1. Return yes when Ile29 is away from ligand 2 (no atom under 12 Å from the Cβ) and assigned to a helix (DSSP H, G or I) and no when it is not.
2. Name the single residue that is farthest from the chain's Cα centre (by Cα) among those in segment 69-124 being more than 15 Å from ligand 1 (Cβ to nearest atom) and hydroxyl-bearing (Ser, Thr, Tyr).
3. Report every pair of residues separated by at least 6 positions or lying on different chains whose Cβ atoms are under 9 Å apart, first residue within segment 122-142 and surrounded by 15 or more Cβ atoms within 10 Å (Cβ to Cβ), second β-branched (Val, Ile, Thr) and in a helix (DSSP H, G or I).
4. Would you mention how many residues in segment 99-119 are buried (at least 16 other Cβ atoms within 10 Å of the Cβ) and either acidic (Asp, Glu) or at pLDDT 90 or above (or both)?
5. Taking only segment 1-36 into account, find how many residues are over 15 Å from the mean Cα position of the chain (by Cα) and not β-branched (Val, Ile, Thr).
6. Kindly indicate whether any position in segment 71-91 is out of contact with any Asp or Glu (no Cβ under 6 Å at 6 or more places or on another chain), surrounded by 18 or more Cβ atoms within 10 Å (Cβ to Cβ) and closer than 27 Å to Lys186 by Cβ.
7. Criterion first (farther than 16 Å from Ala114 by Cα and either surrounded by 17 or more Cβ atoms within 10 Å (Cβ to Cβ) or touching a Ser or Thr at 6+ places or on another chain (Cβ under 7 Å) (or both)) does Lys4 satisfy it?
8. Take Ser111 and tell me if it is more than 17 Å from Arg195 (Cβ to Cβ), small (Gly, Ala, Ser) and away from ligand 2 (no atom under 13 Å from the Cβ).
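The values are calculated or read from the model by the stated rules, or taken from the named source; none is laboratory data. This structure is a prediction, so every number in the text was calculated from the model and none was measured. For neighbour counting, all protein chains shown are included, and Cβ atoms are generated from backbone atoms with ideal geometry for every residue, glycine included.
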Amino acid sequence: MNNKIISDTEAWVMAQLKHESSGHDWEHIRRVTRQAQEIAEIEGGNMLIVTLASLLHDLIDDKVVADENEGIQQVTNWLKKMDIDESELQHILTIIKTISYKGGGQKPVESLEAQIVQDADRLDALGAIGVARTFMYAGNKGHQMYNPEFAHRETMTVDEYRKIPSSAVGHFYEKLLKLKDLMNTKEAKKRAEKRHHFLEEFLQQFFHEWGERP
Ligand code: ADP
Ligand code: NI
(Lines give C-alpha, C1' and ligand atoms only; values in the text may rest on other atoms or scores of the structure.)
(Ligands and ions follow the chains in the order given, each with its own letter.)
Protein backbone atom coordinates (compact mmCIF):
# COMPACT_ATOMS: atom_id res chain seq x y z
CA MET A 1 0.00 0.00 0.00
CA ASN A 2 1.22 3.53 -0.75
CA ASN A 3 1.88 5.05 2.66
CA LYS A 4 2.54 8.57 1.40
CA ILE A 5 -0.91 8.71 -0.26
CA ILE A 6 -2.48 7.50 2.99
CA SER A 7 -0.64 9.89 5.30
CA ASP A 8 -1.25 12.89 3.01
CA THR A 9 -4.95 11.98 2.79
CA GLU A 10 -5.16 11.58 6.58
CA ALA A 11 -3.74 15.09 7.07
CA TRP A 12 -6.12 16.56 4.46
CA VAL A 13 -9.20 14.94 6.03
CA MET A 14 -8.11 15.80 9.58
CA ALA A 15 -7.75 19.49 8.69
CA GLN A 16 -11.31 19.56 7.32
CA LEU A 17 -13.02 17.73 10.17
CA LYS A 18 -11.17 19.37 13.07
CA HIS A 19 -14.15 21.50 14.10
CA GLU A 20 -16.89 19.00 13.25
CA SER A 21 -19.13 18.27 16.25
CA SER A 22 -22.07 16.26 14.87
CA GLY A 23 -20.35 12.89 15.42
CA HIS A 24 -18.49 12.89 12.10
CA ASP A 25 -15.25 14.21 13.54
CA TRP A 26 -11.72 13.01 12.78
CA GLU A 27 -11.82 10.46 15.62
CA HIS A 28 -14.85 8.80 13.96
CA ILE A 29 -12.88 8.60 10.71
CA ARG A 30 -9.84 7.19 12.52
CA ARG A 31 -11.93 4.46 14.22
CA VAL A 32 -13.80 3.54 11.01
CA THR A 33 -10.57 3.34 9.01
CA ARG A 34 -8.88 1.09 11.58
CA GLN A 35 -11.95 -1.14 11.89
CA ALA A 36 -12.33 -1.38 8.09
CA GLN A 37 -8.66 -2.36 7.73
CA GLU A 38 -9.04 -5.05 10.40
CA ILE A 39 -12.14 -6.46 8.67
CA ALA A 40 -10.38 -6.38 5.27
CA GLU A 41 -7.49 -8.37 6.69
CA ILE A 42 -9.97 -11.13 7.50
CA GLU A 43 -12.48 -10.80 4.65
CA GLY A 44 -10.10 -9.72 1.84
CA GLY A 45 -10.52 -6.70 -0.43
CA ASN A 46 -8.17 -4.09 -1.84
CA MET A 47 -6.57 -2.41 1.19
CA LEU A 48 -5.76 0.90 -0.54
CA ILE A 49 -9.38 1.29 -1.71
CA VAL A 50 -10.74 0.31 1.73
CA THR A 51 -8.41 2.76 3.49
CA LEU A 52 -8.99 5.74 1.18
CA ALA A 53 -12.76 5.23 1.03
CA SER A 54 -12.88 5.05 4.85
CA LEU A 55 -10.82 8.22 5.22
CA LEU A 56 -12.94 10.13 2.69
CA HIS A 57 -16.39 8.66 3.43
CA ASP A 58 -17.90 11.57 5.36
CA LEU A 59 -16.50 14.43 3.27
CA ILE A 60 -19.53 14.45 0.96
CA ASP A 61 -22.10 14.08 3.75
CA ASP A 62 -24.77 16.79 3.84
CA LYS A 63 -24.06 17.19 7.55
CA VAL A 64 -20.41 18.02 6.86
CA VAL A 65 -20.48 19.96 3.56
CA ALA A 66 -23.16 22.39 2.41
CA ASP A 67 -23.46 20.76 -1.00
CA GLU A 68 -22.85 17.07 -1.74
CA ASN A 69 -21.74 17.79 -5.34
CA GLU A 70 -19.13 20.23 -4.14
CA GLY A 71 -17.89 17.56 -1.71
CA ILE A 72 -17.67 15.03 -4.56
CA GLN A 73 -15.72 17.52 -6.68
CA GLN A 74 -13.23 18.22 -3.90
CA VAL A 75 -12.67 14.51 -3.22
CA THR A 76 -12.23 13.88 -6.99
CA ASN A 77 -9.66 16.68 -7.26
CA TRP A 78 -7.81 15.33 -4.25
CA LEU A 79 -7.60 11.77 -5.60
CA LYS A 80 -6.42 13.08 -9.00
CA LYS A 81 -3.70 15.02 -7.21
CA MET A 82 -2.70 11.78 -5.47
CA ASP A 83 -2.39 10.11 -8.91
CA ILE A 84 -4.97 7.43 -8.18
CA ASP A 85 -5.94 5.34 -11.26
CA GLU A 86 -9.19 6.42 -12.90
CA SER A 87 -10.88 3.07 -12.20
CA GLU A 88 -9.83 3.12 -8.53
CA LEU A 89 -10.97 6.74 -8.26
CA GLN A 90 -14.41 5.82 -9.62
CA HIS A 91 -14.63 2.88 -7.23
CA ILE A 92 -13.82 5.09 -4.21
CA LEU A 93 -16.41 7.68 -5.28
CA THR A 94 -19.05 4.98 -5.73
CA ILE A 95 -18.32 3.66 -2.24
CA ILE A 96 -18.63 6.99 -0.49
CA LYS A 97 -21.77 7.93 -2.43
CA THR A 98 -23.59 4.69 -1.61
CA ILE A 99 -22.74 3.67 1.95
CA SER A 100 -24.81 6.26 3.87
CA TYR A 101 -27.89 5.07 5.81
CA LYS A 102 -30.18 8.05 5.02
CA GLY A 103 -33.24 6.71 6.80
CA GLY A 104 -32.79 3.14 5.54
CA GLY A 105 -34.21 1.62 2.39
CA GLN A 106 -31.07 2.22 0.29
CA LYS A 107 -29.97 -0.47 -2.18
CA PRO A 108 -27.36 -2.93 -0.85
CA VAL A 109 -23.83 -1.87 -1.78
CA GLU A 110 -22.03 -3.98 -4.36
CA SER A 111 -18.27 -4.38 -4.02
CA LEU A 112 -16.55 -6.17 -1.15
CA GLU A 113 -14.67 -2.94 -0.36
CA ALA A 114 -17.96 -0.99 -0.17
CA GLN A 115 -19.45 -3.65 2.09
CA ILE A 116 -16.47 -3.45 4.42
CA VAL A 117 -16.44 0.36 4.71
CA GLN A 118 -20.21 0.41 5.26
CA ASP A 119 -19.90 -2.23 7.97
CA ALA A 120 -17.09 -0.34 9.73
CA ASP A 121 -19.10 2.91 9.61
CA ARG A 122 -22.12 1.12 11.05
CA LEU A 123 -20.11 -0.56 13.81
CA ASP A 124 -19.12 2.92 14.98
CA ALA A 125 -22.85 3.70 15.39
CA LEU A 126 -23.17 0.79 17.88
CA GLY A 127 -21.75 0.07 21.34
CA ALA A 128 -20.64 2.67 23.87
CA ILE A 129 -19.28 4.94 21.14
CA GLY A 130 -22.59 4.65 19.29
CA VAL A 131 -24.50 5.76 22.40
CA ALA A 132 -22.10 8.66 22.98
CA ARG A 133 -22.28 9.84 19.35
CA THR A 134 -26.07 9.75 19.36
CA PHE A 135 -26.40 11.94 22.46
CA MET A 136 -23.77 14.32 21.09
CA TYR A 137 -25.65 14.59 17.81
CA ALA A 138 -28.95 15.22 19.60
CA GLY A 139 -27.33 17.88 21.80
CA ASN A 140 -25.74 19.52 18.79
CA LYS A 141 -29.15 19.72 17.06
CA GLY A 142 -31.06 20.81 20.17
CA HIS A 143 -33.08 17.58 20.21
CA GLN A 144 -34.40 16.09 23.42
CA MET A 145 -32.74 13.15 25.14
CA TYR A 146 -36.07 11.29 25.14
CA ASN A 147 -39.67 12.19 24.46
CA PRO A 148 -42.26 9.48 25.08
CA GLU A 149 -44.76 11.38 22.90
CA PHE A 150 -42.81 10.94 19.66
CA ALA A 151 -43.90 7.71 18.04
CA HIS A 152 -40.90 5.70 16.88
CA ARG A 153 -40.67 6.29 13.15
CA GLU A 154 -40.25 2.98 11.43
CA THR A 155 -40.09 4.17 7.82
CA MET A 156 -39.32 7.65 6.59
CA THR A 157 -37.95 9.63 3.67
CA VAL A 158 -34.41 11.05 3.73
CA ASP A 159 -35.89 14.50 4.34
CA GLU A 160 -37.95 13.36 7.32
CA TYR A 161 -34.98 11.43 8.69
CA ARG A 162 -32.86 14.59 8.70
CA LYS A 163 -35.44 17.27 9.51
CA ILE A 164 -38.21 16.03 11.78
CA PRO A 165 -36.89 16.24 15.30
CA SER A 166 -36.47 12.85 16.84
CA SER A 167 -34.92 12.30 20.22
CA ALA A 168 -31.64 10.61 21.03
CA VAL A 169 -33.47 7.57 22.40
CA GLY A 170 -35.87 7.60 19.42
CA HIS A 171 -32.87 7.26 17.11
CA PHE A 172 -32.04 3.87 18.65
CA TYR A 173 -35.35 2.55 17.27
CA GLU A 174 -35.17 4.42 13.98
CA LYS A 175 -31.70 3.22 13.10
CA LEU A 176 -29.24 1.85 15.63
CA LEU A 177 -31.08 -1.34 16.65
CA LYS A 178 -31.56 -2.28 12.99
CA LEU A 179 -27.90 -2.16 12.06
CA LYS A 180 -26.89 -5.56 13.45
CA ASP A 181 -29.01 -7.38 10.85
CA LEU A 182 -27.80 -5.13 8.05
CA MET A 183 -24.11 -5.98 8.35
CA ASN A 184 -22.68 -7.26 5.05
CA THR A 185 -19.66 -9.29 6.10
CA LYS A 186 -19.37 -12.25 8.45
CA GLU A 187 -16.65 -10.60 10.51
CA ALA A 188 -18.72 -7.42 11.00
CA LYS A 189 -21.78 -9.49 12.02
CA LYS A 190 -19.61 -11.02 14.72
CA ARG A 191 -18.32 -7.65 15.88
CA ALA A 192 -21.84 -6.17 15.90
CA GLU A 193 -23.25 -8.72 18.38
CA LYS A 194 -21.58 -7.36 21.51
CA ARG A 195 -22.15 -3.74 20.54
CA HIS A 196 -25.85 -4.39 19.81
CA HIS A 197 -26.25 -6.13 23.14
CA PHE A 198 -24.73 -3.10 24.86
CA LEU A 199 -27.39 -0.84 23.25
CA GLU A 200 -30.15 -3.09 24.56
CA GLU A 201 -28.70 -3.06 28.06
CA PHE A 202 -28.31 0.70 27.92
CA LEU A 203 -31.97 1.15 26.93
CA GLN A 204 -33.17 -1.22 29.62
CA GLN A 205 -31.32 0.73 32.29
CA PHE A 206 -32.42 4.06 30.77
CA PHE A 207 -36.11 3.16 30.88
CA HIS A 208 -35.71 1.71 34.34
CA GLU A 209 -34.35 5.01 35.61
CA TRP A 210 -36.91 7.00 33.60
CA GLY A 211 -39.69 5.02 35.22
CA GLU A 212 -41.20 3.64 32.07
CA ARG A 213 -41.13 0.33 30.22
CA PRO A 214 -41.45 0.66 26.43
P1 ADP B 1 -24.84 7.76 7.86
O2 ADP B 1 -23.42 8.28 8.08
O3 ADP B 1 -24.91 6.29 7.67
O4 ADP B 1 -25.63 8.58 6.87
P5 ADP B 1 -25.87 9.38 9.85
O6 ADP B 1 -24.87 10.38 9.36
O7 ADP B 1 -27.31 9.66 9.66
O8 ADP B 1 -25.53 7.99 9.20
O9 ADP B 1 -25.61 9.11 11.36
C10 ADP B 1 -24.33 9.01 11.92
C11 ADP B 1 -24.49 9.05 13.44
O12 ADP B 1 -24.99 10.31 13.85
C13 ADP B 1 -25.53 8.05 13.95
O14 ADP B 1 -24.99 6.79 14.13
C15 ADP B 1 -25.98 8.70 15.25
O16 ADP B 1 -25.08 8.44 16.29
C17 ADP B 1 -25.94 10.16 14.89
N18 ADP B 1 -27.27 10.58 14.40
C19 ADP B 1 -27.69 10.74 13.13
N20 ADP B 1 -28.99 11.13 13.09
C21 ADP B 1 -29.39 11.22 14.40
C22 ADP B 1 -30.62 11.58 15.06
N23 ADP B 1 -31.72 11.93 14.38
N24 ADP B 1 -30.65 11.56 16.42
C25 ADP B 1 -29.55 11.23 17.12
N26 ADP B 1 -28.38 10.87 16.57
C27 ADP B 1 -28.28 10.87 15.23
NI1 NI C 1 -19.22 7.87 9.03
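1. Considered against the rule, which asks whether it is away from ligand 2 (no atom under 12 Å from the Cβ) and assigned to a helix (DSSP H, G or I), Ile29 comes out as no.
2. Here the answer is Ser87.
3. Within 9 Å, the pairs are Leu123/Val32; Leu123/Ile39; Leu123/Ile129; Asp124/Val32; Ala125/Thr134; Thr134/Val169; Ala138/Val169.
4. So the answer is 9.
5. 14
6. yes
7. No.
8. Against the criterion (more than 17 Å from Arg195 (Cβ to Cβ), small (Gly, Ala, Ser) and away from ligand 2 (no atom under 13 Å from the Cβ)), Ser111 qualifies.
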